[in-house]
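Report on the structure given below.
Where a number appears in this text, it was derived from the coordinates with a stated rule and is not lab data. Bear in mind the structure is a predicted one, so any value in this text is a computation, not a measurement. Heads up, the Cβs are rebuilt from the backbone with ideal geometry, glycines too, and the neighbour counts pull from every protein chain shown.
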């Protein structure tokens, strides 16, 4: 009976720990976005080790273009244009075990449908590095964002919708059309006036 209770307790403990292990992965949200959009992405960094996280490096996926970041207290944020990587480095203790932090930034999405794969590197105070670069079935999977086609008007980095302006040729054609129409109406009116006057 005691052995059964011990085995049951171990089973419950292991099952209960699965959600914690899954949630401990570095993630990037949203998991879905639209083509050409200026999206606000958020990196969630939990600490599953018994050592503080002191630096997070995120490699920008092909097709995604970094725009700006949201400042986070206790971290210095830099972007390397040459390597196309975004880095958050702790200026103090960093993220302690049992804690998590969020880091947000704006990026423009690709113009074509694709899947963005966010490779992230989590540096700990003890010198270890966890590379979140594997596929979804690996122990250290990278986050993914599915980019699908959008029919909405394209926005800029400030959320303003770009309105297309008519070109000069279109304006000239419209002016010529309305002018011709006006002359035609005037000519018809004058003809009718002359006709009625003769009848009198």
TODO: For the range 111-129, name all the residues that are assigned to a loop (DSSP other than H, G, I, E, B) and free of Cβ contacts under 8 Å to residues at least 12 places away in the same chain.
DONE: 127
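Answer yes if at least one residue in the range 49-60 is without any contact (Cβ under 8 Å) to a residue 40 or more places away in the chain and surrounded by 14 or more Cβ atoms within 10 Å (Cβ to Cβ), and no otherwise.
Of the residues in the range 49-60, the ones without any contact (Cβ under 8 Å) to a residue 40 or more places away in the chain are none.
Checking the range 49-60: not a single residue is without any contact (Cβ under 8 Å) to a residue 40 or more places away in the chain and surrounded by 14 or more Cβ atoms within 10 Å (Cβ to Cβ).
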- [ ] Go through the range 124-144 residue by residue and tally those that are over 24 Å from the mean Cα position of the chain (by Cα) and surrounded by 14 or more Cβ atoms within 10 Å (Cβ to Cβ).
- [x] 2
